[in-house]
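Below is one structure, written out as structure tokens; comments come after it.
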Amino acid sequence: MFELRDPIEDDGECASACVVSVDTSYLEYVFKGYDLVNIRQQDSTVRVGLRYADTTNFLKANFYDGLRNAYLPCEVAIRVCNAQYFLKQVNPEYSLLIMDAARPLHIQQMMWDSLNMDADKKFNYLSPPYETSLHNYGCAVDLTIIDLSQNTLMDMGTDFDTFEKLSQPVYESRFLKTGELSQEAYYNRRLLRYAMTRAGFHSIPSEW
């Protein structure tokens, strides 16, 4: 997951991007009530595949009712678009793939209740519902890289939202030495971090 590092001034660049596409989920109506932007109306090359809009997530549950669009505050959306630009400078066949963006608080409550894990461990991966998280404000985004030439996700060493040490950047050196993390996966993680940090985000220590 990547979080917004520093705020930037709103220069009005998103004014024309605030028209919401055809509704696909009740969450579209929720997001209409806030000053959020559909990222693909800012940059149509950014791919979106929300893992909580179907059952391909660690909870095996659809929390987003089939939502197809990723919503972010304008300044965050601009920075994601910048990260896409930096990534494509490295390889034009690469694209960011957003797997989670703005998350309503009531969804966070549902996810917290559904996660069968000791509370002390939950805190490492999910904000409790009684505390708002950066995801609730749309200031955190979960994403990876897809190779469009092969239409495949690039190897990051683990899947999205994998609760194990192998997914944590702080242990990368150790797992490189043991061979549990390949050089390819390590390079891909560093490439993702390069694009995102250059655009003004920072990563968290528990997720690549």
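The values are calculated or read from the model by the stated rules, or taken from the named source; none is laboratory data. Keep in mind it's a predicted model, so treat the numbers as computed, not measured. In this analysis, Cβ positions are derived from the backbone assuming ideal geometry, glycine residues included, and neighbour counts consider all displayed protein chains. For the accessible areas, the whole protein counts, side chains as well, though only heavy atoms, and no ligand, DNA or RNA atoms are used. Shrake-Rupley method; radii C 1.70, N 1.55, O 1.52, S 1.80 Å.
Remarks
- For the range 103-112, backbone phi angles converted through the Karplus equation (6.51, -1.76, 1.60; θ = phi - 60°) give residue-by-residue couplings of 9, x, 4, 5, 6, 4, 4, 4, 5, 4 Hz, Gly and Pro being listed as x.
- Candidate residues ILE78, ILE98: accessible-area rank, largest first, probe 1.4 Å: ILE78, ILE98
- Neighbour net charge for LEU166 - beta-carbon separation under 15 angstrom, K R +1, D E -1: -4
- Positive-end ranking of TYR64, SER25, THR144 along the dipole of the chain, with charges on Cβ about the Cα centre, is headed by THR144.
- Out-of-range pairs (alpha-carbon distance over 24 Å; input LYS60/LYS121; LYS88/LYS165; LYS122/LYS165; LYS121/LYS165; LYS60/LYS122): LYS88/LYS165
- FRET efficiency for the ASN116 to ARG193 pair, using the beta carbon distance and R₀ = 25 Å, is estimated at 0.25.
- Across the options ILE78, ASN116, TYR34, the greatest Cα extent toward the positive end of the charge dipole of the chain (unit charges at beta carbon of Lys, Arg, Asp, Glu) belongs to ASN116.
- DSSP-assigned coil residues among GluC sites (Glu not before Pro) in the range 72-139, each with at most 15 further Cβ atoms within 10 Å: GLU93, GLU131
- The charge dipole of the chain, taken about the Cα centre with unit charges on the Cβ atoms of Lys, Arg (+1) and Asp, Glu (-1), comes to about 420 debye, rounded to the nearest 20.
- Taking each residue as 0.36 nm, the span from GLU3 to VAL170 lengthens on full extension beyond its C-alpha to C-alpha distance by 58.4 nm.
- GLU131 versus THR152: modelled label distance in nm, points set 7 Å from Cα along the beta carbon direction: 4.0 nm
- Magnitude of the charge dipole, the range 136-184, Cβ model with Lys/Arg +1 and Asp/Glu -1, debye to 20: 220 debye
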